[in-house]
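*Asks:* Here you go, one structure.
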Amino acid sequence: MGQAIAFYTLSAFILGFAIMVVSTKNTVHSVLFLVLNFLFVAALYVLLGAQFLAVIQILVYAGGIVVLYLFVVMLVNLKRPPEAHQDPHRMTRLGFGLAAAVLLELGVIAAYGSTSPANPPPLAAQPAIPVSGNTEQVGWLLYTNYLIPFEIASMLLLVAMIGAIILAKREL
């Protein structure tokens, strides 16, 4: 009973801070609410018994990523007035069409999920993970079952970093 109350309390705080992140006008306050959100997610990981993920959440996200966000906020001059002209190359109709297609796809997935049989046929037995402990299990799964998504995410982060360097170099 106590774990359920703690879970729902942490979830309410996480949801509240997420709403504050996107609704706050001041960008620095938004980043601070994001830090609080990351800390409460780490507390949720501790509640679930994943202490390693909680520490990584604090070190990587609440530490490194938020510092990166603050650098971006300080590099971009947000005190400028918005530009008065409309970009002639903007493809608004294409954007709305793609958004509608994604929304339709999500609707089809939700409809298919609600009409699928309640008891799917049993899958082949998965081999047990030959390690014990939370950290070893995360590492084992990351480098076996989820190796391709892990590498794709690392390549996307590399491309984003190179793009940010190129965009920042133009301004200097």
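*Asks:* Please report the base-10 log of the normalised intensity I(q)/I(0) for the range 1-78, using a Debye sum with one equal scatterer per alpha carbon and no solvent, at each q in 0.15, 0.21, 0.22 (1/Å).
*Replies:* For the range 1-78 at q = 0.15, 0.21, 0.22 Å⁻¹, log10 I(q)/I(0) is -0.55, -0.92, -0.97.
*Asks:* Can you pull the three principal axis extents for the Cα set of the range 133-172, in Å, largest first?
*Replies:* 48, 18, 6
We did not get these values from a lab; they are worked out from the coordinates using the rules stated. These figures come from a predicted structure and were not determined experimentally.
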